[in-house]
Amino acid sequence: MDEEAPLVGDKLVEIPKKNHARDVHILSSAFLLVFLAYGAVQNLESTLNTEEDLGTTSLGILYVSFTFFSMVASMVVRGLGSKNALVLGTTGYWLFLAANLKPSWYTMVPASVYLGFAASIIWVGQGTYLTSTARSHARDYNLHEGTVIGKFNGEFWGLFASHQFVGNLISLALLSDGTEGSTSGTTLLYVVFLCSMTLGTILMCFLTKKTDEVESRQPDSSVSFYSNVVSLSKSVINPLFDVRMLLVIPLIAYSGLQQAFVWAEFTKDVVTPALGESGVGGAMAVYGAFDAICSLAAGRLTSGPKSITLIVSGGAFIQAIVFLWLLLAYRLTSGVLGIMYPLLMAAILGIGDGVFNTQLSALLGILFKHDMEGAFAQLKVWQSASIAVVFFLSPYISLKAMVAIMLAALCISYAGFLFLTLKVEKAFSSSSL
């Protein structure tokens, strides 16, 4: 409920409008500080923690845990509030990075399981907080809601995507003297990253609490344990009865598959043979730079379902080109072309990732206004599940087979998305008129 403007004498004094853009700047910067550290460490897991495949197994456990806890994350975020969920979520990333200082099954596995929980609430909290902030900004300044949601998502995902660029440059700078395998080199890197994460956590504390969330979370003594269980079940199951969610889930799953493909397959089977292990950081920096640029541009161009359809179509088309190239025509070559081809692919894959991140968040924010926590929980359930599948399959499947799977998944998910935006949403829109 809006507050009435106070009277001073006979004059009506207008209450200053809140600067919602400030919260977007803080949220985006905090995520950059946290994930430039985590993203770089995740990229190094398979090369630094190689004993008994500790690194890749830990990541697989992490994303299984992420999938499971995403099913209950919406209720946790609803109970804590999105700001508190964001602050608590950063602790999982901090603990996981600290466990890498003394990597063993006794430190990495518990840290991976807890990070799965922390990641589920921080990402549901992020989607809820950002969409709520965009709505408040649009309402206070009489702006088009879809445009503001797109703009805020573009800023967030643009700055977030640059974590790959910044984090990998830091890794390259600290490990470039041949200390990648030494204890002193990796310890220094992890200490720098822990400081970055700590700054990100502190920055989260300066976010503004959403008053509508506070009001909706007032305690009710009549609520029983049974009622909480029923509420949890509804938050997990109810979105699956919405045909719009069923049609967008394949694209959500594909967005996770294409991210994991870059982390697990592209770096191992395309970049490393062409550029060597030292070239992985450079290729991922290119990937992150183009991801960030595309996120900012796509966010600026987003205004509603029609623009989302066009932008997603472009992202799907260019990623399909890369997969067809890898499947039918790519061969390892020497010279300048041998260096340029993997970097070009990294740039194109980064553009596609920027498209899917910004447009999926904007689409869910527009379509599921009345259950944002549930919608963003579904986003993370299906993304993390598909990422876990790739990590567990990676050691047992060839590059060609994985590319064929990616191409089939892209075609199926795009068909469902196209049907949603062109047919189903028209029916929902006309019925609400």
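The values are calculated or read from the model by the stated rules, or taken from the named source; none is laboratory data. Computed from a predicted structure; not experimentally measured. Heads up, the Cβs are rebuilt from the backbone with ideal geometry, glycines too, and the neighbour counts pull from every protein chain shown. Just the protein is used for accessible areas: all its heavy atoms, side chains included, with ligands, DNA and RNA removed. Shrake-Rupley method; radii C 1.70, N 1.55, O 1.52, S 1.80 Å.
Annotations for the structure displayed:
- Gained length - Cys195 relative to Leu143, 0.36 nm times residue gap less alpha-carbon distance: 14.9 nm
- You can think of it this way: the chain between Ser334 and Ala408 has 23.6 nm of extra reach, that is 0.36 nm per residue less the Cα-Cα gap.
- Mean Cβ neighbour count within 10 Å, used as a protection proxy, ranking 99-111, 149-161 highest first: 149-161, 99-111
- A full extension of the chain between Asn238 and Ser398 corresponds to an added length of 53.8 nm, given 0.36 nm per residue minus the alpha carbon distance.
- Accessible area expressed per residue, region 293-366, with surrounding protein chains retained (probe 1.4 Å, Å²): 41
- Heavy atoms of Asp140: accessible area, 1.4 Å probe, square angstrom to 10: 50
- Within the shell of other residues whose beta carbon sits under 11 angstrom from the beta carbon of Lys369, the net charge comes to -1, with Lys and Arg scored +1 and Asp and Glu -1.
- The magnitude of the dipole of region 233-313, with charges of +1 and -1 set on the Cβ of Lys/Arg and Asp/Glu and taken from the Cα centre, is near 420 debye.
- Inter-centroid distance (Cα atoms) of region 76-97 relative to region 360-375, Å: 20
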